[in-house]
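I have placed the structure first, in the form of structure tokens, so that the comments after it can refer back to it.
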Amino acid sequence: MAYHESIHKAKQNGTCIKSGWYGDWINSYEVILMIENASQSGRHTSVRKMANMLIEEMAKQPWNVTAGPHSSDRLGGDKTKHITVNAKGRTYHLRLDKGNQIFEITNQNTERLIRPWTAPGSMNTKK
């Protein structure tokens, strides 16, 4: 679980970009609460690890919610409902399940390399 100081600082650093907004409206405070929930014990190891890392990044400098909950219906888009945030110059997708809980966090470096629906220690490599 992320430290409460980091969570508090991440909440202060967050903003929403309103121009060109895509998806349903969500504020940065709600996004941090969702990421904090994903960092709790009992969640899959990969989701917890990425959530803790992302909160620490968001605590260091300003970050933005660039798109609220949406699925990209464009050709080749991400059809999984997700929230898009930008932290430290990286774009992250916070993928949501049917209950709007984060089940996967990816960026351009971790895109589909970690599969939280598989058991820890199993072969999670891209095919």
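The values are calculated or read from the model by the stated rules, or taken from the named source; none is laboratory data. Computed from a predicted structure; not experimentally measured. Note that each Cβ is placed from the backbone with ideal geometry, even for glycine, and that neighbours are counted across all protein chains shown.
Each row is one residue, and each column tells you yes or no for (1) modelled with pLDDT of 90 or more; (2) more than 18 Å from SER39 (Cβ to Cβ); (3) surrounded by fewer than 19 Cβ atoms within 10 Å (Cβ to Cβ); (4) in contact with a Gly (Cβ under 6 Å, 6 or more places away or on another chain).
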| residue | (1), (2), (3), (4) |
| --- | --- |
| GLY77 | no, yes, yes, no |
| LYS81 | no, yes, yes, no |
| ALA87 | yes, no, no, no |
| ASN100 | yes, no, yes, no |
| ILE105 | yes, no, no, no |
| GLU111 | no, yes, yes, no |
| PRO116 | no, no, no, no |
| ALA119 | no, yes, yes, no |
| MET123 | no, yes, yes, no |
Write out, first by first residue and then by second, each pair whose Cβ atoms fall under 6 Å of each other, whose residues are 6+ apart or on separate chains, and whose first residue, in region 74-98, is within 21 Å of THR15 (Cβ to Cβ) while the second is at pLDDT 90 or above and not in a strand (DSSP E or B).
ALA87/GLU57; ALA87/MET58; LYS88/GLU57
Scan of region 47-70 for residues that are small (Gly, Ala, Ser) and more than 13 Å from LEU94 (Cα to Cα), ordered by number
ALA59
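Per-residue answers, yes or no, for (1) in contact with a Lys or Arg (Cβ under 7 Å, 6 or more places away or on another chain); (2) buried (at least 18 other Cβ atoms within 10 Å of the Cβ); (3) at pLDDT 90 or above:
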| residue | (1), (2), (3) |
| --- | --- |
| ILE17 | no, no, no |
| ASP24 | no, no, no |
| VAL31 | no, yes, yes |
| ASN37 | no, no, yes |
| ALA51 | no, yes, yes |
I'd like the residue in region 23-69 that is part of a loop (DSSP other than H, G, I, E, B), closer than 20 Å to ASN100 by Cβ and without any contact (Cβ under 8 Å) to a residue 60 or more places away in the chain and, out of all such residues, is farthest from the chain's Cα centre (by Cα).
GLY42
